[in-house]
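Following: one structure in structure tokens, then a few remarks.
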Amino acid sequence: MFDIFNVYLPIAEMQFNALILVAIGFSVGVLGGFFGVGGAWVVTPALNIFGFPMAYAIGTDLAHIFGKSIVATAKHRKMGNVDMKLGLMSIVGSVIGVEIGAQNVMWLTRLGIAGPVVRYLYMFLLFGLGIYMLYDYITKDKRAAAQAAKVAAAARAGMAVPVRKSWNLPPMIHFPASGITISFWTVSAVFLFTGWLSGLLGVGGGFIRMPALIYLIGCPTAIAVGTDLFSVLFSGAYGCFTYGIKGRVEIIAAVLMLVGAAIGAQVGVTAVKYIRGYGIRLLFAIMIILAGSSVALKQFNMTTTAAWVVMCAALGMCVVIMIKLWNGFQKEKAEKAAMAMKGGA
Amino acid sequence: MKRLWVLIFNLILLTVPSALVWAAAEKAELLEKKVDVTKLSGLNYFFASWYNDNMWLYAIIVTVLMGVIGLIIALVTDIILKMIGMEVHKIEHHE
């Protein structure tokens, strides 16, 4: 029935269903726009399930990520969610970090332990980050109450609230978009570290950088999402070009995925407007725990099940984001109508 | 004296990354392949020919095309979303 959507992919020299490519692009576009990640960890296994030739999977994925990031970053910028200064610093730090990480992988390969070390580290990171973010979400009210009590106690005693200790080695840099002033060295160390992790794990690193921007740099969640996408744009462009030179980009497939992803990214970015920072963090935590489960299944040689888990998780999360967007939109519309009524009266 | 210590510490920290980077990343290998263009026509023929003849130009075409399509779709969907009342402006950041 769906054969009518088959298209010929000239570089891979095979027929492939265009609907599947657009659908994968759309779901990863929604996730990318909403969480600020590239989404290669969803696309590659999804393409694998449907029999897309693996020789072109990563290159085609990176090509569409580049196009999609342009759409998502432009929209996030309009919403004031991109800190350009921080984004540019992240690119420099990440490039150096990735090179160090890649060098470490080669050293681990020479020792013959690269495979297990990378897989276990990947799992530890996904589960660790996910569980920490869940814990952070669950305890947020308790922490807010404790902070309020501290402020009240300080006010009663006529003293200033003790300032949280931080490393203030000059030069200090101010990031007006994020509203933070932080040591150059702290920012550099964070991006070097996240770059090192992505080089070591062989991933784009969006899912590591986004929480790092929130928890280590102190960015508001929406700005972390937008700024991370700004960095993904550059890594996607570089990846697209370098994989293109090596003949590993199937151009027609990339265009079809981009059509879906660009529309999906618009949906994902718009949803950020309706969901508070902690809501984004909660959904992100659930998503990366499910991605971690998929990596764990792969560890037990259940590759197909692992791919289905990550794909179903991505689709499920897309549905949740779209429902949240729709509810938020309806609420906003109702509020606007009520305001207009009040104004008219 | 404090300024001097800060300067020295900054210089030490600056040398850390450059000392750590001593080799290039593991890169994907070149795919040695020629596409059969005899049965192709139109866009497929155009892309496959460039793929066979000049991989650098093919990479440039792919990168530029992705950027242009991304921009066009961004513009079009923005107009559509505005029409249905889903336009976006600068938002306040609530945690």
Exercise. If you go through the range A:198-216, how many residues are at pLDDT 80 or above and surrounded by fewer than 22 Cβ atoms within 10 Å (Cβ to Cβ)?
Worked result: 3
For this session: Please verify whether the range A:40-61 includes one or more residues that are modelled with pLDDT under 85 and within 21 Å of A:Phe193 (Cβ to Cβ).
Result: yes
Problem set entry | Failed criterion for B:Met66 (all others in (1) surrounded by fewer than 16 Cβ atoms within 10 Å (Cβ to Cβ); (2) under 24 Å from A:Gly67 (Cα atoms) hold) | (1)
For this session: Could you list, in sequence order, all residues of the range B:36-78 that are within 7 Å of another protein chain (Cβ to nearest Cβ), under 15 Å from A:Ile263 (Cα atoms) and out of contact with any Gly (no Cβ under 7 Å at 6 or more places or on another chain)?
Result: B:Leu71, B:Ile73, B:Ala74, B:Thr77
For this session: Would you kindly identify the helices (runs of 4 or more DSSP H) lying entirely within the range A:84-185 that contain at least 2 residues that are within 14 Å of chain B (Cβ to nearest Cβ) and in contact (Cβ under 8 Å) with a residue 24 or more places away in the chain?
Result: A:84-111, A:114-138
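The values are calculated or read from the model by the stated rules, or taken from the named source; none is laboratory data. In this text, all values refer to a predicted model and were calculated from it rather than measured experimentally. With ideal geometry, Cβ positions are generated from the backbone for all residues, glycine too; neighbour counts draw on all protein chains shown.
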